Amino acid sequence: MDDWLTEFIAEQGLPASFELTFEEVCRPLADRAVDWRADFGRTALIGLCGAQGSGKSTVAAATVQYLNRNGLNAVAVSLDDFYLGGEARGWLARQVHRLLQVRGPPGTHDVALACAVLDHLRMPEPTPLPAFEKATDERAPKRRWRTFEGPADVVILEGWCVGARPEPPERLKDPVNTMERREDPTGAWRGYANRQLAEGYQALFGRLDRLVLLQAPGFEVVKGWRGEQEAKLRARGGGGMTDSEVGRFVQHYERLTRWILEEMPARADWVVPLKPDRTPIPLTP
């Protein structure tokens, strides 16, 4: 194993099983990115979708580091860094539906800014990359944004709903969990999120050249995956939700996550099935 990968695993606090993920996912993804970049003759914009806790941020970071070490100019961008701040979401919560106070679902991102950043990353000049501070629930001041020197050869946009398409209207009628049944009985919240996904988000996702899905074995594992992330945060003294808080939180994501797992595999350019422990099921790419 390369020394840099050993260091990456240590720095990220990853299990030894990440070596398998690197060989089965990151390295093949990097190889595909090189080919796509050559085919296009320009920046390759790749979407990486995966349920909460699936490891998409880590996969994107390792893939980009590997590409950079092999002579390409690559960068990973997270959809999370384009969240609307707490104040803006508070306005939405008052004007549309109070569930919009919770960041994450469609309608709680600055899609126009994300589009502008992806477009600018193609240019031969510096691109400021927004950062969202979850501790303050606001976007970081511009002076703390990192800068990427373009043009990029490869851009990986990662996020839990990257590349998602809106649900058919008839699917919105029935609630999928307790939260929707109690707090969105009229379907106003899920309808708003679906409309947002059908409009601005498709303009963003339409910029992507390729789409890769880290396919969870089912929504049932997502609560456990997110719970592990929050437990690590608590262990590091960085806050973190309790298990009961996680249970409620993931209900905001359940509807669209189930739809992605049902609908996206048939059209994604590459689907990577994951086991419940997040390791990939080895397949020939």
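The values are calculated or read from the model by the stated rules, or taken from the named source; none is laboratory data. On a predicted model such as this, the values are computed, not experimentally measured, just so you know. Note that we place each Cβ from the backbone using ideal geometry, even for glycine, and neighbour counts take in every protein chain shown.
For region 1-107, list the helices (runs of 4 or more DSSP H) that sit wholly inside it and hold at least 3 residues that are in contact (Cβ under 8 Å) with a residue 60 or more places away in the chain; which are they?
Values: elements: 3-12, 18-21, 27-40, 56-69, 86-95.
Hits in region 1-107: 27-40, 56-69.
When VAL246 is tested against (1) surrounded by fewer than 19 Cβ atoms within 10 Å (Cβ to Cβ); (2) modelled with pLDDT under 95; (3) over 29 Å from LEU45 (Cβ atoms), only condition (1) is not met. Condition test on GLY200, is it buried (at least 17 other Cβ atoms within 10 Å of the Cβ) and modelled with pLDDT under 95? So GLY200 passes the test.
Looking only at region 270-285, which residues are over 17 Å from SER17 (Cβ atoms) and at pLDDT below 95? The answer is THR284, PRO285. Out of ALA193, ALA216, one residue alone is buried (at least 21 other Cβ atoms within 10 Å of the Cβ), under 16 Å from the mean Cα position of the chain (by Cα) and of a type outside the set (Val, Ile, Thr). It is ALA216. Of all residues in region 129-151, those being under 20 Å from the mean Cα position of the chain (by Cα) and surrounded by 13 or more Cβ atoms within 10 Å (Cβ to Cβ) number 11. Residues in region 87-100 that are closer than 15 Å to THR136 by Cβ and either surrounded by 15 or more Cβ atoms within 10 Å (Cβ to Cβ) or in contact with a strand residue (DSSP E or B) (Cβ under 6 Å, 6 or more places away or on another chain) (or both): ALA88, ARG89, GLY90.
Put simply, of PHE8, PHE82, PHE22 the only residue that is more than 17 Å from the chain's Cα centre (by Cα), crowded, with 22+ Cβ neighbours inside 10 Å and more than 17 Å from LEU211 (Cβ to Cβ) is PHE22. Consider region 110-121 and keep the residues that are surrounded by 15 or more Cβ atoms within 10 Å (Cβ to Cβ) and touching a residue at least 60 places away in the same chain (Cβ under 8 Å). The one that is nearest to GLN251 (Cα to Cα) is VAL111. For region 116-132, the criterion of being within 25 Å of ALA62 (Cβ to Cβ) and modelled with pLDDT under 95 is met by no residue.
Applying the criterion of being under 18 Å from PRO282 (Cα atoms) and not acidic (Asp, Glu) to the residues of region 25-47, the residue that is surrounded by the most Cβ atoms within 10 Å (Cβ to Cβ) is LEU29.
One residue stands out among those in region 251-281 that are β-branched (Val, Ile, Thr) and out of contact with any Lys or Arg (no Cβ under 9 Å at 6 or more places or on another chain): the one that is nearest to LEU45 (Cα to Cα), which is VAL271.
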